[in-house]
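What follows is a short report on a single structure.
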Amino acid sequence: MASTSVSRVVPASPARVWQLIGGFGSLPDWLPYIPESTFSEGGRVRHLKNPDGDTIVERLMEFNEEQRFYSYQILQAPFPVVDYLSTLRVHEVSGNADVAEVQWSGRFVPRGAGDDEVVALFTGIYRDGLEALRTSLG
């Protein structure tokens, strides 16, 4: 099993950040790589499209409004992994109510690619996604 995690401090309160990213269907609101998200199974499964038209299907595994995080697993995607579980979490920054730390992490088993290659792929996705979030928050 391989894993990666990326954190970024963003210029907004944890409540504001969570309001933007805390909805399981909110990726198109802040992540340019995902322009479309629809639901099935009562909102527990999201069907995403990327700009190339690829489909990514993810299942919500855990959601905690109070602690500001959710975890999801990939059911279908053009990525060389199985057993993928990821968490998106918003943390308070001690002593500064006007910024938040956002952490995006995942663990997975590479399939058809080496650990280093797949770790680099998801590290890049998380890093670019959190940079897009920072930009959208100003």
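The values are calculated or read from the model by the stated rules, or taken from the named source; none is laboratory data. Bear in mind that the values here come from a model prediction, so they are computed numbers and not experimental data. Keep in mind that these areas ignore ligands, DNA and RNA; they rest on the heavy atoms of the full protein, side chains included. Shrake-Rupley method; radii C 1.70, N 1.55, O 1.52, S 1.80 Å.
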*Stretched out fully, how many nm does the piece from Ser40 to Leu75 gain, at 0.36 nm a residue minus the Cα gap?*
11.3 nm
*Where a ≥ b ≥ c are the square roots of the eigenvalues of the C-alpha gyration tensor, would you call segment 14-68 rounded, which needs a/c under 1.5, or, failing that, prolate if a/b is larger than b/c, or oblate?*
oblate
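Rolling a 1.4 angstrom probe over the protein heavy atoms, how many square angstrom per residue are accessible across the chain?
On the way: 7050 Å² over 138 residues.
I get 51 Å² per residue for this part.
Can you bin segment 52-122 into rounded, prolate or oblate? Criterion: square roots of the alpha carbon gyration tensor eigenvalues sorted a ≥ b ≥ c, rounded for a/c under 1.5, prolate for a/b above b/c, oblate for the rest. Write down the numbers at each step before the final one.
On the way: a/c = 2.56, a/b = 1.87, b/c = 1.37.
Because a/c hits 1.5 or more and a/b exceeds b/c, segment 52-122 counts as prolate.
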*What length, rounded to one decimal in nm, is gained on full extension from Ala120 through to Asp98, with 0.36 nm per residue of separation minus their alpha-carbon distance?*
4.8 nm
*Mean shadow area of segment 83-138, taken as a quarter of the surface of its Cα convex hull (nm²)*: 4.5 nm²
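Of all alpha-carbon pairs in the chain, indicate the percentage at a distance above 21 angstrom.
Details: 3770 of 9453 pairs.
Value for the chain (Cα pairs over 21 Å): 40 percent.
Relative contact order for the chain: what is it in percent, counting Cα pairs under 8 Å that are at least 6 residues apart? Write down the numbers at each step before the final one.
Details: 289 pairs, mean separation 43.2, N = 138.
Result for the chain is 31 percent.
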*By how many degrees, 0 to 90 and rounded to 10, does the Cα axis of helix 115-137 deviate from the longest principal axis of the chain?*
30 degrees
_Which of rounded, prolate or oblate describes segment 1-42 when judged by the alpha-carbon gyration tensor and an a/c cut-off of 1.5?_
oblate
